[in-house]
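The values are calculated or read from the model by the stated rules, or taken from the named source; none is laboratory data. The model shown is predicted, which means the values in this text are computed figures rather than measured ones. Cβ placement follows ideal geometry from the backbone for every residue including glycine, while neighbour counts extend to all protein chains displayed. Quick note on the areas: whole protein, heavy atoms, side chains included, nothing else; ligands and nucleic acids left out. Shrake-Rupley method; radii C 1.70, N 1.55, O 1.52, S 1.80 Å.
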Amino acid sequence: MAKAYDVCIVGGGVVGLWVARRLADAGADCVLLERTVCGSGASGGILGALMAHAPDNWNVKKQFQFDALAELPSLIERLESETGVATGYAQCGRIMPVRTERFRQQAQVRSEASREHWRASTGSFAFELKDTADLPAIIEPDVAALGFIHDRLAARINPANYVEALRRSIESSVDVIEGCRFEAFNVATGEVRTTIAGQKILANHLVMSAGYETFGLLNDMLDRTIGGGVKGQAALFNCPELADHPIIYDDGIYVVPHENGLCAVGSTTEKQWTDASLPDSNRNDFIERAQKLCPPLRDAHPLRRWAGVRPRCNRTDPIIGRLDEKSKILVATGGYKITFGIAHRMAQCITDDICGLPERTGLPDTFKPAHHLQDRD
């Protein structure tokens, strides 16, 4: 006999797990399908940097992301308390070297803007321009000739631990089926077809949150491609000298100190690749740049490499919501570099829609499916 659910969620990454948790908290009966194991895709990375958009030129997209980052600490505290899993979350801040006079002037504008826009119920977060006299020893002085920026909103998290905590938080309330590949959804009957022989699942709604693979699954449904993937690579080092220091960011390079003396370095942006999960041992440019930026990394012991593909919509912004007003299919993917910081808000949007509640997250119009499905001029 077929087992019936309110919602079937496709994808066990950070977004799919948050969707499952939010829906279960709302009383929905859910099943989550994951083709391998939860967190095996882009959510299984090692970087874990949670950084906000710049505070100048404020708009609804920046507000959505800011609100998500500002509320995350309380959600993480609750998650860790419930599961006993330490996620490695810390609001460690971020420092960025200032190389040019133009960037310095821009930083002054952003510093003023942060006083107006980076305010939440939990406090005010600064974006400060500082002189070279205060430059931490973990940054090469030559790259910060005109000072540096200290952003106090940025945070870090251990991606694998975060996924594990979310997985444990739903184990008693959601049916999680790993090693199960989704194949099709019959909107008329509610039947969900998978690769498991004899498995019969019925669902009132389907939520597609399988990272970049969501776009391939949607091709037949939409008769168009609305997104794809961007491969990224990162490396993990043992570097106790960086413990308890902020994230360092400079022109696409991340140095993210984690707990226990570990430090993640990334990342690359690759639109073409042969093997999505295979690190390229010859691709060391991002490591070399990080070592020039951060002297303690030069003698740090390398531990492992990581590669994965992040989802990116053709129209850049994430896609969150029901495909159309009458559709039983909803989508939540495409966050690219910001997914970990907004996954819980993406899930809240999906949950409110399915449960018939008013939209309360300030979801930008450009995040909605209608924006991604409209024909280009």
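Of note:
- Candidate set: segment 1-22, residues that are part of a helix (DSSP H, G or I) and not hydrophobic (A, V, I, L, M, F, W, C); chosen: the one nearest to the chain's Cα centre (by Cα): Gly16
- Residue within segment 23-33 that is in a helix (DSSP H, G or I), of a type outside the set (Phe, Trp, Tyr), closer than 19 Å to Gly321 by Cα and touching a Leu at 6+ places or on another chain (Cβ under 7 Å) present: no
- When restricted to residues that are surrounded by 15 or more Cβ atoms within 10 Å (Cβ to Cβ) and assigned to a helix (DSSP H, G or I), segment 223-258 contains 2.
- Selection of segment 168-207 for residues being of a type in the set (Asp, Glu), closer than 30 Å to Ser81 by Cα and in contact (Cβ under 8 Å) with a residue 24 or more places away in the chain yields Asp175, Glu178.
- Cβ-Cβ under 9 Å pairs, at least 6 apart or on other chains, segment 330-356 side under 19 Å from Ala370 (Cβ atoms) and without any contact (Cβ under 8 Å) to a residue 60 or more places away in the chain, far side of a type in the set (Gly, Ala, Ser) and surrounded by fewer than 24 Cβ atoms within 10 Å (Cβ to Cβ): Cys349/Gly321; Asp352/Ala26; Asp353/Gly321
- Subset of segment 281-309 that is under 23 Å from the mean Cα position of the chain (by Cα) and within 10 Å of Gln233 (Cβ to Cβ) - its residue that is most open to solvent (accessible area, probe 1.4 Å): Arg305
- Within segment 1-17, residues that are under 14 Å from Met346 (Cα atoms) and at pLDDT 95 or above sit with their Cβ atoms under 7 Å from residues that are assigned to a strand (DSSP E or B) and small (Gly, Ala, Ser), at 6+ positions apart or across chains, in these pairs: Val15/Ala332.
- Of everything listed in (1) open to solvent by less than 30 Å² (accessible area, probe 1.4 Å); (2) under 19 Å from His301 (Cβ atoms), the single unmet condition for Thr194 is (2).
- Going through (1) open to solvent by less than 20 Å² (accessible area, probe 1.4 Å); (2) more than 30 Å from Leu278 (Cβ to Cβ); (3) not charged (D, E, K, R) one by one, Thr87 falls short only on (2).
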